[in-house]
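Novice: Structure incoming, see below.
The values are calculated or read from the model by the stated rules, or taken from the named source; none is laboratory data. No experiment lies behind these values; they were computed from the predicted model shown. A quick note on method: Cβ atoms are made from the backbone with ideal geometry, for glycine too, and the neighbour counts reach across all protein chains shown.
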Amino acid sequence: MQLRFGRKKKRSRFEEGSASSDIAFLLIIYFIVIAGFNSNKGFIMHLPARDSTRLILKDDLLRFELDERGALLYQGMVMDLAAAEQEIRTAVRVNPNLAVVLSIAAQAPWQQVVSFVELAQSLEVDSFSFSMKDEPVSGGGL
């Protein structure tokens, strides 16, 4: 005769334990996916401090525009990035306090924007600014 000591362990059914493990598994997958999206692959720009009072004169601005087709304009003339690079290099030699300004049309291809920002970064421009152009409101009168 065999004696068994201890209590008999009650076995849980498959459905009772699997719900919490499924939720835990889905949460792990969710956080792994989200962690992949949060990687920062931007560019580093040295921004002035909030209390900075640096003044930029109008003559220290070098203004470029990106139109809706992605064409780069300087003083109304279309130029490529190589010509823009040469223009910025020349202007920085003459005026080290130069600020480069880029106005971007809303429909401009974003790769062109990124390429210009990378150009400004590679030339180590101290002051760089970009903004979206206001779209003209079209429509008939009332």
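Novice: Within segment 76-95, restricting attention to residues that are exposed (fewer than 15 other Cβ atoms within 10 Å of the Cβ) and touching a residue at least 12 places away in the same chain (Cβ under 8 Å), which residue is farthest from Ser115 (Cα to Cα)?
Specialist: It comes out as Asn95.
Per-residue answers, yes or no, for (1) more than 22 Å from Asp59 (Cβ to Cβ); (2) of a type outside the set (Gly, Ala, Ser); (3) more than 20 Å from the chain's Cα centre (by Cα); (4) modelled with pLDDT of 80 or more:
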{"site": "Met79", "(1), (2), (3), (4)": "no, yes, yes, yes"}
{"site": "Arg89", "(1), (2), (3), (4)": "no, yes, yes, yes"}
{"site": "Val92", "(1), (2), (3), (4)": "no, yes, yes, yes"}
{"site": "Asn95", "(1), (2), (3), (4)": "no, yes, yes, yes"}
{"site": "Ser103", "(1), (2), (3), (4)": "no, no, no, yes"}
{"site": "Gln111", "(1), (2), (3), (4)": "yes, yes, no, yes"}
{"site": "Phe128", "(1), (2), (3), (4)": "no, yes, no, yes"}
{"site": "Pro136", "(1), (2), (3), (4)": "yes, yes, yes, no"}
{"site": "Gly139", "(1), (2), (3), (4)": "yes, no, yes, no"}
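Novice: Taking the options Arg69, Arg54, name whichever one is surrounded by 10 or more Cβ atoms within 10 Å (Cβ to Cβ), of a type outside the set (Ser, Thr, Tyr), at pLDDT 90 or above and part of a loop (DSSP other than H, G, I, E, B).
Specialist: Checking each option against the conditions leaves just Arg69.
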